[in-house]
Amino acid sequence: MKKKVRNKGNKKTRVKSVIKAGPATTRRRAGIIGLGSYLPKKILTNRHLEKMVDTSDEWITTRTGIKQRRIALKSQATSDMAVRASKSALRDAGIKAADLDLIIVATITPDMQFPSTACFVQKALNAENAVCFDIGAACAGFVYAIVIAEQFIITGKYKKVLVIGSEKLSSVTDWTDRNTCVLFGDGAGACVMAPVRSGGILSSYIGSNGKNSDLLFLPGGGSRNPASHKTVDSKLHCIKMQGNELFKMAVRIMVYAADKSLKKLGLTCKDIDMFIPHQANIRILFAVAKKMGLSRKNLYLNIAKYGNMSSASTAIALCEAVKSKHIKKGDLVVLDAFGAGLTWGAVVIKW
Ligand code: ACO
């Protein structure tokens with residue numbers, strides 16, 4: 001029988017009562033037991049971009065908060081970065097690749113149309129016992145993948161799951177379009193998930209709205225517009241975006257997603273120790289934090305260093321926040337992301 005969640009008392013007792021109550025569906029709980037990230041060495045600064053398009057360091061910094069981004073080597077594919085992040089996450093978790101039951105890669109820049117990037121990761125890791133697939137939920141991909149992994153773990157189907165967000169956005173960026181090329185970067189983050197006795201994922205919420213799919217998309221190379229000279233000449237293999245429309249939606253929906261996932265537990269934004277948002281634009285993140293009543297010390301930011309890395313952003317931010325001790329044992333952490341689709345989601349984790 002479900003235990004009642006009490007939401008009275010101070011922050012500490014409120015969160016404690018939620019932990020005791022357990023997740024809504026089962027007594028088994030999934031948690032993150034290891035984290036890793038990988039960032040390519042090459043740094044592309046705003047000054048470099050000033051020489052490529054009609055822009056300025058001042059415009060990019062004030063409008064986006066981005067100072068630089070990482071760019072993968074030509075020879076480096078999304079799976080290569082994913083493997084580097086995964087090896088680090090496996091080491092951190094203290095398990096072997098052969099222990100993995102499932103590998104999920106969230107990406108919009110797969111190595112190839114098929115097979116899945118997750119299968120390439122499996123091959124490189126020798127994770128011979130894992131089931132592998134990719135998911136496409138753009139910037140919300142890592143949050144979606146965590147929620148999917150959680151379902152397999154709480155039902156008892158799988159015990160060790162590797163969840164990866166990896167992107168080579170430089171490969172789909174139009175480097176002559178100042179509206180988009182200043183925003184994106186490359187990188188990978190990974191986590192190992194498993195059943196846990198204490199802490200773990202307390203609640204989650206994901207959502208989608210295909211009606212606004214025209215705000216952010218990559219039209220070329222799929223069955224709608226198969227690759228041809230024409231699609232290449234018209235730059236259909238690059239990101240198309242209506243930034244200012246997305247901006248407004250991102251703020252509203254990210255606040256909504258965080259609120260919804262906390263409400264399920266009888267908690268509010270005041271209970272958050274560390275908020276890890278998808279790093280799209282500093283102004284989006286400050287607006288979200290303001291609406292949620294969060295102070296800067298509860299907000300993790302790394303956008304200045306890396307820009308927007310789609311599904312990898314939240315993964316890398318979480319990894320860095322833990323490794324740099326911005327997240328400590330016992331903290332209440334909320335991951336929150338929004339992206340193309342539209343897709344969005346939030347996960348509440350007791351660390
Ligand atoms: N350098 C200089 N000027 C620029 C640049 C640039 N790099 N890019 C655009 N401009 C110009 C525009 O041409 C426009 O000029 P105009 O007024 O003469 O027409 C002017 O700046 C203002 O353009 P806006 O698009 O209105 O600028 P805005 O303040 O909205 O900022 C931005 C644009 C940064 C793209 C912002 O809307 C944004 O970050 N949106 C979210 C997009 C995003 O992150 N998408 C990824 C996934 S979805 C998500 O993660 C939330």
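The values are calculated or read from the model by the stated rules, or taken from the named source; none is laboratory data. In this text the structure is predicted, and so the values were computed from the model without any measurement. With ideal geometry, Cβ positions are generated from the backbone for all residues, glycine too; neighbour counts draw on all protein chains shown. For accessibility, only protein heavy atoms count, side chains too; no ligands or nucleic acids. Shrake-Rupley method; radii C 1.70, N 1.55, O 1.52, S 1.80 Å.
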Failed condition for Trp344, given (1) part of a strand (DSSP E or B); (2) closer than 30 Å to Ile71 by Cα; (3) open to solvent by less than 10 Å² (accessible area, probe 1.4 Å); (4) out of contact with any Asp or Glu (no Cβ under 6 Å at 6 or more places or on another chain): (3)
Single residue of the stretch 309-321 satisfying the filter (of a type outside the set (Ser, Thr, Tyr) and buried (at least 24 other Cβ atoms within 10 Å of the Cβ)) that is nearest to Ala89 (Cα to Cα): Cys319
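Regarding Gly199, is this residue open to solvent by less than 30 Å² (accessible area, probe 1.4 Å), more than 18 Å from the chain's Cα centre (by Cα) and more than 11 Å from the ligand (Cβ to nearest atom)?
Details: open to solvent by less than 30 Å² (accessible area, probe 1.4 Å): yes; more than 18 Å from the chain's Cα centre (by Cα): yes; more than 11 Å from the ligand (Cβ to nearest atom): yes.
So Gly199 fits the description; yes.
Those residues that are under 19 Å from Glu245 (Cβ atoms) and either surrounded by fewer than 22 Cβ atoms within 10 Å (Cβ to Cβ) or at pLDDT below 95 (or both), I need them from the stretch 287-296; list them, please.
Pass one, the stretch 287-296, residues under 19 Å from Glu245 (Cβ atoms): 287-288, 291.
Listed by number, the residues that qualify are Ala287, Lys291.
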Strands (runs of 3 or more DSSP E) completely within the stretch 8-125 that count 1 or more residues being away from the ligand (no atom under 16 Å from the Cβ), more than 19 Å from Ile153 (Cα to Cα) and at pLDDT 95 or above: 29-38, 42-45, 68-71
Selection from the stretch 306-325 of residues that are within 16 Å of the ligand (Cβ to nearest atom) and of a type in the set (Gly, Ala, Ser): Gly307, Ser310, Ser311, Ala312, Ser313, Ala315, Ala317
Neighbours by Cβ (under 6 Å, 6+ apart or cross-chain): first from the stretch 277-295, within 15 Å of the ligand (Cβ to nearest atom); second in a loop (DSSP other than H, G, I, E, B): Ile282/Gly65
Hits in the stretch 235-271 - residues which are within 16 Å of the ligand (Cβ to nearest atom), small (Gly, Ala, Ser) and touching a strand residue (DSSP E or B) at 6+ places or on another chain (Cβ under 6 Å): Ala250, Ala257, Ala258
Those residues of the stretch 296-305 which are closer than 15 Å to Lys67 by Cβ, away from the ligand (no atom under 13 Å from the Cβ) and assigned to a helix (DSSP H, G or I), in sequence order: Ala304, Lys305
The stretch 33-47, subset more than 12 Å from Gly307 (Cα to Cα) and over 21 Å from the mean Cα position of the chain (by Cα), residue least open to solvent (accessible area, probe 1.4 Å): Lys42
Residue satisfying all of: in the stretch 126-181; acidic (Asp, Glu) and assigned to a loop (DSSP other than H, G, I, E, B); nearest to the ligand (Cβ to nearest atom) among these: Asp177
Residues satisfying the stated conditions in the stretch 72-100, i.e. out of contact with any Leu (no Cβ under 8 Å at 6 or more places or on another chain), open to solvent by 40 Å² or more (accessible area, probe 1.4 Å) and touching a residue at least 60 places away in the same chain (Cβ under 8 Å): Arg84, Gly94, Asp99
Which numbered condition Ile206 misses (of (1) of a type outside the set (S, T, N, Q); (2) open to solvent by 50 Å² or more (accessible area, probe 1.4 Å); (3) away from the ligand (no atom under 16 Å from the Cβ)): (3)
Residues of the stretch 215-252 satisfying the condition of being without any contact (Cβ under 8 Å) to a residue 24 or more places away in the chain and either within 18 Å of the chain's Cα centre (by Cα) or assigned to a helix (DSSP H, G or I) (or both): His229, Lys230, Thr231, Val232, Asp233, Asn244, Lys248, Arg252
